[in-house]
Amino acid sequence: MSEMRVMFTLMRGNAVSMAGFIIVISFIALGIISPYILTRPEDAWGTAYDVSKRYLPPSIEHPFGTDEYGRDMLNRVILGARFSLMIAVGVVGLALMIGIPLGLIAGYFGGKLGNAIMRLTDMFLAFPPLLLAIALAATLGRGLGNAILSLAISWWPWYTRLIYVQVNTVKSMPYVDAAKVLGLGDLKIMFKHVLPNALTPVMIQAALDMGSAVLEAAGLSFLGIGVQPPTPEWGLLVSQGWHSINVAWWISFFPGLAILITVLGFNLLTDFVREFMDPRLRITMMAKRVI
Amino acid sequence: MPLSRDYLMKRLILLIFVMFGVLIITFVITRVIPARPELLWAGPHATIEQIERARKELRLDQPIYIQLGYYLIDFIRGNWGISWRTKSSVLQDLLNALPATLELIILAFFAAALLGISLGIVAALRRNRIIDSIIRVFSVLGASMPVFWLSLIALLLFSSWLGWLPSSKRVDEILVIGTGFHPITGFYLIDSLLQGNLPVFVNVLNHMILPAAVLSLYPMSLSVRMTRAMMIEVMQEPFIRSFIAWGLPKRLVIYKYALKNAIVPVIASLGLSFGYTIIGAFMVELIFVWPGIGLYTSMALLSFDYPAIVGAVIIVALFYSAINLIVDLIHAWMDPRVRF
Amino acid sequence: MMEFLKLEDLSILYETPFGLVHATTGVSFDVRRGESVCLVGESGSGKSTVGLAIAMALPPNARIRSGRILYEGVDLLRLSEEERKKYSGREVSIVFQDPAATLNPLFTIGEQVSDVLMSNLGLKKEEALDKAKKFLEMVGLSDSERILRSFPHELSGGMLQRVNIAIATSTEPKILVADEPTTMLDVMLQAQILELFEKLREELELTLIFITHNLGVASEVCDRIIVMYAGALVEDGPADEVISRPMHPYTAGLLDCVPRAHIRDRKLRSIPGSLPDLSRPLIHCPFAERCEEIREICMRAIPTPVEVNPGHRVSCFKYMG
């Protein structure tokens, strides 16, 4: 955990990573508090429409303009953060819940069971990203919950593989042998020694993956099989602005920009964490602060 | 550095298993998971008779393993169902749409890989200079951009506002009729050259620029980032110093040796990159009305055309597996340590 | 008569993210043609840095603070890119410590050796491979055809080190620097490789600069031993003299540390203290704090080498009157 403190200290010295961190924190904060800071909640939630205010370009009163139902886009985009956050956390969380136990068992016990699990993982990974989610969403039906489920089912294999490799590495560490010699039972070894060490890289990866989850969920919504109207999820907002793109570019533009900035934040943070994890590059980072 | 026949055979057999796995998974998703698969299969506007017919087609009153058996047989015999939207065979629809998508994806992907790797090398060799920063900014933005949003923006900018490029389809009808162009392979670029039809060739290229450029941005950004990182890492390797100490010229050390070590992992990751390209094509084809598999599938999704969706998923997954095999073989060819 | 190889007042430092490291300070010695000199010292003594400097294989963060390395009158440290190509690999070559790390895993041995020969000697590929085969056989690898077709990961550590030695000597350099070539090998292999160096030295009339931390190895391989400590040259003399009658307190301490099984009831000796801080330039004798025979002057000035016996120099105030 002191590693985290070192990481944060280093991050403060690096403007780009700091920007990424701020973006991510803002996204999470916005996702949590957005329902409470809306100036026009009826617009955001989609319960109101005012035909007299359709297709208004960006102005002081409506910084992001209005859509075809006269709804204020700024409010809609802000509320959209909440749904993106929900999806990101839901997808990653569910994928972890499925993937980690499978990877743990496969890695620690190995043998026929382990092999079978890894073969299953390979079979799932034979699909390009999102394709499985599309098939599942088409089968299970549309909507937020099904979108999260579909994405999670297409995602868990990545975590299983990651944990499998981690567990295998940790398994051959001397302290595991020591624990065995001391007579600790398998389950106990697994939970107390192997799991914490194997888990860290996976958790970090998962946290950073939230950006990709937002991107993929937006894609699903754009294709019409994710979140459904009037929910203001960013991908859906972009698709809603599509047919009026020539007269009202702002309807698609701002939600898409929100996706871009959010994913950018996660990418910058990922870059930083990756450099931090690499011992050689970390030394350069630390030295710049020491001197 | 030849690959052994054993290794090739092993990989081919593995591919067969993977494809089998794909079929099993799609079977589970489309027949086992839904409570009433025949409803999905017949479509939202089906009559009772059509639903009953679907029940018989899918052999839903039989035990699961028999269903699976027929599923596989149907697959092999090309009986992939009828798209209720187009009223024709799903397999036929897909095969018709395939060349358009392939043309687009291949162009986009190779542009992405070649440009991406080149830019990555430039950035690595001129590390921390201005050009490096520019390339890094460009590539991190490219890796964060939703492709559907970019498509819309590009369409708006280059087609609607500037009028430089066309906004949809593969070629202008007028030109096709006027010059008597007819498709042979389905790859319009090749076909137009084969017929010596230069105006159509240029026109097709014109139509391709925007969708291909937009599609290539994401995989290109991934390639740039990875190549740059790998190149920097490889330059720190001990053998670089020993080669220079042994008198090899710097140019040889970088462009023959270091480059290969850096590129091998990048090439290994191209399979996944290609996967992203394929999915990106779904959205790009939809927005640019490009008559390929992506458009077909997106329309199928919008109209709840289940057989078409399933057929598209299967064909794309199988294609992706085949591509991955090729990438793996190239990887093994380049890196002798991988061949077990 | 011009000396064959002459190091004058060589001071090299490294720029690291944590600051400067003064790897060597004022190192000077001459080497005659055909001699074999061992640079001996512990980690941080600067011995590798000297060897790398001679081979023009210093890492990119090395800076020459002062000094020259004169090879037949030419200063190797101040050559242009063009001129450098004539010397590195051709006149001076080097064998590194880790045999696997110095080769590229993606290319065959043959490809890499032939590139070295083609670049340095201007040979065509055919000729280069023939020469490579000859040298592989010379280092004891009779299966040379197969080796040329193999990849580094297919060969064992011992074979790889022989390959390295073959590559380094195939250009028939006049000077060969060997940077701890046996440290990563087991004792049996070590003996074989040392024999190999002996043989090559004779057949190719090599001038050998052998770097090691092991005094035993040094005494076997070399005519002459140069002991280094904290970047400074502390003793330089004929191998058997340095071993049997060490002049510098550090050398004596080192020899004392060697466990001797045949002498019982003798405690294992070690030299108390540790290396001085190399981030600052030396201002007094580097060994002073750990020396049992320390005097006042030792903390105030840096001793320079004095010839105590013919061909035997020491840097110690004990001998400076």
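A compact table of results
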item	result
Enumerated helices (runs of 4 or more DSSP H) restricted to segment B:161-280, each holding at least 1 residues that are away from chain C (no Cβ under 14 Å)	B:173-179, B:188-194, B:198-235
Any chance B:Thr101 is in contact with a Gly (Cβ under 8 Å, 6 or more places away or on another chain), in contact (Cβ under 8 Å) with a residue 24 or more places away in the chain and of a type in the set (S, T, N, Q)	yes
Residue count for segment C:202-238, restricted to those that are surrounded by fewer than 20 Cβ atoms within 10 Å (Cβ to Cβ) and either part of a helix (DSSP H, G or I) or in contact with a Lys or Arg (Cβ under 7 Å, 6 or more places away or on another chain) (or both)	7
Count of segment B:48-63 residues which are hydrophobic (A, V, I, L, M, F, W, C) and exposed (fewer than 13 other Cβ atoms within 10 Å of the Cβ)	1
Criterion violated by B:Gln50 - all others in (1) farther than 25 Å from B:Tyr296 by Cβ; (2) free of Cβ contacts under 8 Å to residues at least 12 places away in the same chain satisfied	(1)
Filtered residues of segment B:3-46 (kept if loosely packed, with under 13 Cβ neighbours inside 10 Å, part of a loop (DSSP other than H, G, I, E, B) and in contact (Cβ under 8 Å) with a residue 60 or more places away in the chain)	B:Ser4, B:Pro44
Selected residue [farther than 23 Å from B:Asp6 by Cα and surrounded by fewer than 21 Cβ atoms within 10 Å (Cβ to Cβ)] from B:Phe304, B:Phe282	B:Phe304
Selected residue (criterion: farthest from the chain's Cα centre (by Cα)) from residues of segment C:132-142 that are assigned to a helix (DSSP H, G or I) and crowded, with 21+ Cβ neighbours inside 10 Å	C:Ala132
Qualifying residues in segment A:192-215 (those that are hydrophobic (A, V, I, L, M, F, W, C) and over 27 Å from A:Arg82 (Cα atoms)) - the one farthest from the chain's Cα centre (by Cα)	A:Val194
Segment B:291-325 - residue that is assigned to a loop (DSSP other than H, G, I, E, B) and modelled with pLDDT of 90 or more and, of those, nearest to A:Leu132 (Cα to Cα)	B:Gly292
Any hit, segment B:244-253, residues being among the aromatic types (Phe, Trp, Tyr), in contact with a strand residue (DSSP E or B) (Cβ under 9 Å, 6 or more places away or on another chain) and surrounded by 17 or more Cβ atoms within 10 Å (Cβ to Cβ)	yes
Members of segment C:286-316 that are crowded, with 20+ Cβ neighbours inside 10 Å and modelled with pLDDT of 85 or more	C:Pro286, C:Phe287, C:Pro303, C:Pro305, C:Arg313, C:Val314, C:Ser315, C:Cys316
Residue list for segment B:15-33, filter: of a type in the set (A, V, I, L, M) and at the interface with chain A (Cβ under 9 Å from one of its Cβ atoms)	B:Val18, B:Met19, B:Val22, B:Ile24, B:Ile25, B:Ile29, B:Ile33
Residue within segment A:152-161 that is more than 30 Å from B:Arg31 (Cα to Cα) and not in a loop (DSSP other than H, G, I, E, B) present	no
Elements of type strands (runs of 3 or more DSSP E) in segment C:11-124, at least 3 residues being more than 8 Å from every other protein chain (Cβ to nearest Cβ)	C:19-31, C:36-40, C:62-71
Complete set of residues in segment B:39-63 that are within 26 Å of A:Met123 (Cα to Cα) and touching a helix residue (DSSP H, G or I) at 6+ places or on another chain (Cβ under 7 Å)	B:Leu40, B:Trp41, B:Leu58, B:Arg59, B:Leu60
Neighbours by Cβ (under 9 Å, 6+ apart or cross-chain): first from segment B:264-292, on the phi > 0 side of the Ramachandran plot; second modelled with pLDDT of 90 or more and aliphatic (A, V, I, L, M)	B:Val289/B:Leu295
Unique residue being modelled with pLDDT under 90 and part of a loop (DSSP other than H, G, I, E, B) when the list is A:Tyr108, A:Tyr69	A:Tyr69
All positions within segment A:7-25 that are surrounded by 13 or more Cβ atoms within 10 Å (Cβ to Cβ) and touching a residue at least 24 places away in the same chain (Cβ under 8 Å)	A:Met7, A:Leu10, A:Met11, A:Asn14, A:Val16, A:Ser17, A:Ala19, A:Gly20, A:Phe21, A:Ile22, A:Ile23, A:Val24
Failed condition for A:Tyr69, given (1) buried (at least 16 other Cβ atoms within 10 Å of the Cβ); (2) over 22 Å from A:Gln228 (Cα atoms); (3) among the hydroxyl-bearing types (Ser, Thr, Tyr); (4) free of Cβ contacts under 8 Å to residues at least 60 places away in the same chain	(2)
Filter result for the condition that a residue is hydroxyl-bearing (Ser, Thr, Tyr), out of contact with any Asp or Glu (no Cβ under 6 Å at 6 or more places or on another chain) and closer than 20 Å to A:Gly90 by Cα, over A:Ser221, A:Ser239, A:Ser212	A:Ser212
Residue ID - surrounded by the most Cβ atoms within 10 Å (Cβ to Cβ), chosen from residues in segment A:126-144 that are part of a loop (DSSP other than H, G, I, E, B) and more than 8 Å from chain B (Cβ to nearest Cβ)	A:Arg142
Scope segment C:143-159; condition under 16 Å from B:Phe239 (Cα atoms) and either part of a loop (DSSP other than H, G, I, E, B) or within 12 Å of chain B (Cβ to nearest Cβ) (or both); matching residues	C:Phe151, C:Pro152, C:His153
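The values are calculated or read from the model by the stated rules, or taken from the named source; none is laboratory data. What you see is a predicted model, and the numbers here were worked out from it, not measured in a lab. Heads up, the Cβs are rebuilt from the backbone with ideal geometry, glycines too, and the neighbour counts pull from every protein chain shown.
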